[in-house]
1. Using beta carbons and a limit of 8 Å, which pairs, at least six apart or on different chains, have the first residue in the range B:456-474 and without any contact (Cβ under 8 Å) to a residue 40 or more places away in the chain and the second one of a type in the set (Gly, Ala, Ser)?
2. What's the total number of residues in the range B:1-31 that are buried (at least 19 other Cβ atoms within 10 Å of the Cβ) and touching a strand residue (DSSP E or B) at 6+ places or on another chain (Cβ under 7 Å)?
3. With the range A:225-280 as the region, which strands (runs of 3 or more DSSP E) entirely inside it contain at least 2 residues that are more than 17 Å from the chain's Cα centre (by Cα)?
4. Looking at (1) within 14 Å of chain A (Cβ to nearest Cβ); (2) surrounded by fewer than 18 Cβ atoms within 10 Å (Cβ to Cβ); (3) assigned to a loop (DSSP other than H, G, I, E, B), which one does residue B:409 not meet, given that it meets all the others?
5. Could you please let me know if residue B:180 is crowded, with 17+ Cβ neighbours inside 10 Å, of a type in the set (A, V, I, L, M) and away from chain A (no Cβ under 13 Å)?
6. Looking only at residues that are assigned to a strand (DSSP E or B) and either of a type in the set (Asp, Glu) or over 15 Å from residue A:61 (Cβ atoms) (or both) in the range A:83-119, which one is most open to solvent (accessible area, probe 1.4 Å)?
7. In the range B:313-341, how many residues are open to solvent by less than 40 Å² (accessible area, probe 1.4 Å), under 22 Å from residue B:30 (Cα atoms) and either over 22 Å from the mean Cα position of the chain (by Cα) or among the hydroxyl-bearing types (Ser, Thr, Tyr) (or both)?
8. Every residue in the range A:128-137 that is surrounded by fewer than 21 Cβ atoms within 10 Å (Cβ to Cβ) and closer than 11 Å to residue A:157 by Cα, please.
Amino acid sequence: MYRIAKKRILNPTVTEMEIEAPLVARKAQPGQFIILRVDADGERIPLTIAGQDVDAGTVKIIFQVVGATTEKLNHKNEGDFIQDFVGPLGTPTHVEGLKKVCVVGGGVGCAIAMPIAQKLHELGCEVTSIVGFRNKDLVILEDEFKACSSRFFMMTDDGSYGEQGNVCVPLNKMLEAGETFDQVITIGPLIMMKFVCLATKPYDIKTIVSMNPIMVDGTGMCGGCRLTVGGETKFACVDGPDFDGHLVDFDEAMSRSRAYAAFERHQHEETCNLFKKEVQ
Amino acid sequence: MPPKYKINLDLVKCPMPAQDPNVRNKNFQEVALGYTAEMAVEEAKRCLQCPKKPCVDGCPVNIHIPEFIAEVAEGNFEAAYQIINQSSSLPAVCGRVCPQESQCEGKCNRGIKGEPVAIGRLERFVADYHNEHASADSVKRPTPNGHKVAVVGSGPAGLTCAGDLAKLGYDVTIYEALHLAGGVLVYGIPEFRLPKAIVQKEVDGLKALGVKVETNMVIGRVLTIEELKEQYEAIFIGSGAGLPRFMNIPGENLRGVYSANEFLTRSNLMKAYLPDSTTPIQQVKNVAIVGGGNVAMDAARTAKRLGAENVYIVYRRGMEELPARKEEVEHAEEEGIIFKTLCNPVSIGAADVTDPRDPAYGTVASLTCIRMELGEPDASGRRRPVEVPGSEFTMDMDCVIMSLGTSPNPLIKQTTPDLVTKRRGEIEADEDGLTSIEGVYAGGDAVTGAATVILAMGAGKKAAAAIDKYIQEK
């Protein structure tokens, strides 16, 4: 069992937790992920690591409530325990030797993009950050991004905060103006990462994407997380989760990510109903 | 020594009581129900007590087979258990999953004319009898010898190695990557063939001996072999062969294509077969399992139980060449699994939908195969399957499960530069299981590639003896 040391509500659907897992904290690096189970009968879900405190022995996760498991997790409070917490899994994001990077985060993906931007900043890299959200209420980690970025763009779909438009708007503007980067690192919804890759491709700027497909064990055993990269089948859990975005077959990845959409919706509704009953 | 009992001259084995095929293919309870005491005694009396004991040579761990059978014939079931227990640590498991027809029973003299003695069924009976009657406090905790050993992986190799070392007084810690101990015994082999309560009993037995089990520990990531070496005098790696292979044919990444590992893990470990499970598994009508091993049979029979109407085994050689245990093939046939032998998939077709928002977009709709015929024997001695040109045909399919074997997990190799491995990632180890690193031993599928429970168990035993010798002589 793993204790929840801290819980912070970042916005109505996104929560940050620090989980006591000293061995995982000791090894965790940006870009790696963990797998957790909330309770004894729960499913295993992967979540990317959003930071760690080695001295406190805690690992930070940030999650959006999208299904039954994240709903159950969100009902846990400081001092409560979760059943299983395993990691760090996957290969860390490559950050060494980069001088000028554009980090593009979308929605809850910003939770993973932020520690990467921080790490790059620590290593002396010039960081440009572009973050995008659906609206003002969903914005997270703005101050953290600002602190480690030399340039910062806030975008919202409806224009309720920052500039109106998606993350590709400022990116395209910079690229068209002749701006170059050693690398673009993008984390967010598949459709957003696909369009960021389409934007950088003509300029031949290496673009790293962080894939978060459906997986069961996270150690290479099930192959459920496989995706096509440069015509080859790769396992996100052991070969990734970072890949060269220009080589990823996003359409296939999007299709695979919807494999259990109907089941998950149903499970989420059932879970919500259970919690509602408890309240009544 | 001639038997004390009057030999039962019946040419066939005492039949195994089993659930009716049309009942069991809709539930997940155990298929074979086990012998009664009377059946076991009668079957035991078929053993001739041959002086040369060919059956013992056929057993990878050399169980004293005629001796334990003689005790069964006399009704001394606990004594029979103690004899098996000298050589095997998991008899309740092996009695159920060993390929006896190519091991002990394959060598049995009764098999020359008629059926061999049902050694596997007797082993299972004896183990179940013991588990039912032995009391928990009969376990004597050995005197600690003060030496610490780490075991990586809690499958058959790791459990056996840990058990043998614990009995000698070692302080053993097992590190398991998943949330539950048992390895392939819990994620791979279905409940209807190996009830999980039996595996749990084995794990609990080890804990009673003082073995510590640390779950959620992916060695290579959270701790490396180097770091374990700082804390333990010796390490045994039994990390198995967990990496599934695919065919690299068009359509293999469509939704509805599973590795057998994923399909079985969802159903077994994550309990997707239970109605209230939180882990989803696809509900399908037509499903093809590609491959002919035990894992393929397990996947096919699981799919049938989950409600699939037509379940096909697609295998490129013939019925005779199926590598699965004979009993599994028979059970699968009885349960209505359709065997498409001498067929090999060439592509998987997608649903004819172009709008990505359509739920059917990117899902499996068909499987195209080519017919095969058997040519000259290949290096393995089996006749090589060759394609019959122009014989492609397509079947409606909404799920395809790839059961083509597995490769060793690469995580330990990747983070242990000094560990020498072979081409496919198998860890190099000598007869005793010693790897290229002093004090580090390995065994089971991690060394051999995908093989059987009993071979992994045998490797765990050998390594335990070698580790004991290494530490005592240090």
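1. Sorted first by the residue in the range B:456-474, then by its partner, the pairs are B:462/B:433; B:462/B:443; B:466/B:433.
2. Qualifying residue count, the range B:1-31: 1.
3. On the way: elements: A:226-229, A:232-235, A:242-244.
The qualifying strands (runs of 3 or more DSSP E) are A:226-229, A:232-235.
4. Going through the list (1) within 14 Å of chain A (Cβ to nearest Cβ); (2) surrounded by fewer than 18 Cβ atoms within 10 Å (Cβ to Cβ); (3) assigned to a loop (DSSP other than H, G, I, E, B), residue B:409 breaks only (2).
5. Values: crowded, with 17+ Cβ neighbours inside 10 Å: yes; of a type in the set (A, V, I, L, M): yes; away from chain A (no Cβ under 13 Å): no.
No, not satisfied.
6. Kept after step one, since they are assigned to a strand (DSSP E or B), are these residues of the range A:83-119: A:84-89, A:100-106.
Checking which are either of a type in the set (Asp, Glu) or over 15 Å from residue A:61 (Cβ atoms) (or both) leaves us with A:84, A:100-106.
Details: A:84: 10, A:100: 46, A:101: 0, A:102: 0, A:103: 1, A:104: 0, A:105: 0, A:106: 5 Å².
Among those that are assigned to a strand (DSSP E or B) and either of a type in the set (Asp, Glu) or over 15 Å from residue A:61 (Cβ atoms) (or both), it is A:100.
7. Qualifying residue count, the range B:313-341: 1.
8. Keep residues of the range A:128-137 that are surrounded by fewer than 21 Cβ atoms within 10 Å (Cβ to Cβ), which gives A:134-137.
Matches in the range A:128-137: A:134, A:135, A:136.
The values are calculated or read from the model by the stated rules, or taken from the named source; none is laboratory data. Computed from a prediction, not measured in an experiment: that's the story for all the values here. Cβ sites come from the backbone with ideal geometry, for glycine too, and all protein chains shown count toward neighbours. All accessible areas refer to the heavy atoms of the entire protein, side chains included, with ligands and DNA or RNA removed. Shrake-Rupley method; radii C 1.70, N 1.55, O 1.52, S 1.80 Å.
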